[in-house]
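Visitor: Provided herewith is a single structure, encoded as structure tokens, for subsequent inquiry.
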Amino acid sequence: MKKIYLFLFGFGLCTVAFGQSGKEFWFGLDASYWQKSIKSSTFFQQEPNQERFGSVRPMIGLKLNQKWDVGIMVSVNSYIEELSPLNFTQEFGVFDEEGMLLYNDSRTTVYQTTIDNQLFGVGIFARRNFQLNEKFSFNLSPYILRESGDSGVMNFYFPASSFYPCINCLSIFPGPIEVPTSEENWRFGVDAAFAYQATNWMKLEIRANLLEFRRQTLTDERNLLTNDLAIFDPFLSATQGYFDSYTDFGSAVTREGIRFGLVFSPF
């Protein structure tokens, strides 16, 4: 919330500065939301049932000329994303009645996995405008955005064979194993939008991402120093493969969907 207040304060300062300098400026807001079901092998309530993404992106733009704008933007988003399942293999020995080892065996358990996080980001952008006719225009917006969130949770869901009755619990099915997670993203890309000039001071936009390079860093926030036994937990070692830096390149529409926005030019 403090970050949003700082942005609003900065917006007020920019408004005063631009107003005194006689520069043309505008402010805008776009947003997107989608969700879809996750196929599951069971009907247990504790298993993940959907992916979702929702975001709001305020921005301030300064009009340099008829073709080019520059500005700053803020991104606030929340998401639940399904990840590759965790295959956890445990080895154990089979003994006879006298305690003699007969043979070694192993068992692999598959955990459905999701990540849930809320991110806040700040970035800069430029915008190239193409006027199609009196009412319609098209624009391209290259941008750089850094976003982060430290309240994320990675969930590892027990498979159907792992449930057990619990007399003192509200449910007989165990909930997911929750791992606290932080995330940092650097994003470089180009958005494209069609705009309709609804009034002299307001535009309606439909925006989509053409290309984006994203470097994502996921960090395990479990504090191993508070519990020495956690260092020897085999599940801890098995989950470490999820925490690393990843890069991807392509359209972000599959991740964020289509954005709908408003652009106001009150001055």
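Visitor: Taking residue 114 as meeting all but one of (1) under 14 Å from the mean Cα position of the chain (by Cα); (2) open to solvent by less than 70 Å² (accessible area, probe 1.4 Å); (3) modelled with pLDDT of 95 or more, write down the number of the exception.
Guide: Exception for residue 114: condition (3).
Visitor: If you don't mind, there's one more thing I want to ask. I'm checking my understanding of the structure. Among residues of the stretch 161-200 that are in contact with a helix residue (DSSP H, G or I) (Cβ under 9 Å, 6 or more places away or on another chain) and part of a strand (DSSP E or B), which one is modelled with the highest pLDDT?
Guide: Checked the stretch 161-200; the qualifying residue modelled with the highest pLDDT is 181.
Visitor: Related question: Would you say residue 92 is modelled with pLDDT under 80 and either of a type in the set (Phe, Trp, Tyr) or surrounded by 16 or more Cβ atoms within 10 Å (Cβ to Cβ) (or both)?
Guide: Criteria met by residue 92.
Visitor: Since residue 217 meets every condition but one in (1) modelled with pLDDT under 95; (2) open to solvent by less than 60 Å² (accessible area, probe 1.4 Å), which condition does it not meet?
Guide: (1)
The values are calculated or read from the model by the stated rules, or taken from the named source; none is laboratory data. Source: prediction; values computed, not measured. As a convention, Cβ positions derive from the backbone with ideal geometry for all residues, glycine included, and neighbour counts pool all protein chains shown. Accessible surface areas use protein heavy atoms only, side chains included; no ligands, DNA or RNA. Shrake-Rupley method; radii C 1.70, N 1.55, O 1.52, S 1.80 Å.
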